[in-house]
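Written below as structure tokens is the structure these notes are about.
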């Protein structure tokens, strides 16, 4: 077994430390976050940091990297107070990963990566037409994390679109049927499989 102290991690070469720390939390959902600037130019970026906040009211969280690392998404989100979260499937994960390239604010990742924007009426932020699960959110609140200059954004769910075969009558989702992908670090993709559904004891 490999053992690392806090000092070991701090002294580790940056690429190795980054890979290790990003893998410690296990599999994480790969999603595309859609925003638009105030002129309506759409932006799309890959994120691995969505968080379930609550069901009543319906809230989801997103952890933003420090400002310099994800400036367009951050700027657009706070300027318009709207964003989308779009699940990434095995059908287009390579195109989704390509959104990591640095583009000028006036250029759209949708065009550069061959993806299609999808809009709800009176909602500025674009969703991804290729995504089997699309969520439109309104910025509710945010918290700056002083330890590393990241920001936890909490959004109120305004729109949800789910492919029919993924949703059961009782509200349970089967994301494996859409071949949704997850990541183990920042660049390694996995396709999870359904194992078993076990009744939630707290709800009995």
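Residue 91 meets the conditions (1) within 25 Å of residue 193 (Cα to Cα); (2) within 16 Å of the chain's Cα centre (by Cα) in every case but one. The failed one is (2). Candidates are the residues of segment 158-204 that are in contact with a helix residue (DSSP H, G or I) (Cβ under 7 Å, 6 or more places away or on another chain) and farther than 16 Å from residue 131 by Cα; the one that is surrounded by the fewest Cβ atoms within 10 Å (Cβ to Cβ) is 193.
Inside segment 59-112, residues that are in contact (Cβ under 8 Å) with a residue 60 or more places away in the chain, closer than 15 Å to residue 32 by Cβ and part of a helix (DSSP H, G or I) make up a count of 7.
Can you go through 57, 66 and tell me which one is surrounded by fewer than 17 Cβ atoms within 10 Å (Cβ to Cβ), touching a strand residue (DSSP E or B) at 6+ places or on another chain (Cβ under 7 Å) and more than 18 Å from residue 151 (Cα to Cα)? Before the answer, list the steps.
Details: 66 fails: more than 18 Å from residue 151 (Cα to Cα).
Result of the check over 57, 66: 57.
Number of residues in segment 149-167 that are outside any strand (DSSP E or B), without any contact (Cβ under 8 Å) to a residue 60 or more places away in the chain and either in contact with a strand residue (DSSP E or B) (Cβ under 6 Å, 6 or more places away or on another chain) or within 26 Å of residue 138 (Cα to Cα) (or both) equals 3.
Have a look at 177, 197 and point out the one that is in a loop (DSSP other than H, G, I, E, B) and either within 17 Å of the chain's Cα centre (by Cα) or without any contact (Cβ under 8 Å) to a residue 60 or more places away in the chain (or both). Break it down into steps so the answer makes sense when it comes.
On the way: 177 fails: in a loop (DSSP other than H, G, I, E, B).
Step by step, each of 177, 197 is checked, and only 197 is in a loop (DSSP other than H, G, I, E, B) and either within 17 Å of the chain's Cα centre (by Cα) or without any contact (Cβ under 8 Å) to a residue 60 or more places away in the chain (or both).
Residues in segment 1-45 that are outside any strand (DSSP E or B), in contact with a strand residue (DSSP E or B) (Cβ under 9 Å, 6 or more places away or on another chain) and modelled with pLDDT of 90 or more: 30, 37. Which condition from (1) touching a residue at least 12 places away in the same chain (Cβ under 8 Å); (2) over 24 Å from residue 40 (Cα atoms); (3) assigned to a loop (DSSP other than H, G, I, E, B) is the one that residue 123 breaks? Going through the list (1) touching a residue at least 12 places away in the same chain (Cβ under 8 Å); (2) over 24 Å from residue 40 (Cα atoms); (3) assigned to a loop (DSSP other than H, G, I, E, B), residue 123 breaks only (2).
Among the residues of segment 83-115, just one is under 22 Å from residue 157 (Cβ atoms) and surrounded by fewer than 22 Cβ atoms within 10 Å (Cβ to Cβ), namely 89.
With the structure loaded, tell me whether residue 140 is more than 16 Å from residue 32 (Cα to Cα) and outside any strand (DSSP E or B) or whether it fails that test. So residue 140 fails the test.
The values are calculated or read from the model by the stated rules, or taken from the named source; none is laboratory data. No experiment lies behind these values; they were computed from the predicted model shown. Note that we place each Cβ from the backbone using ideal geometry, even for glycine, and neighbour counts take in every protein chain shown.
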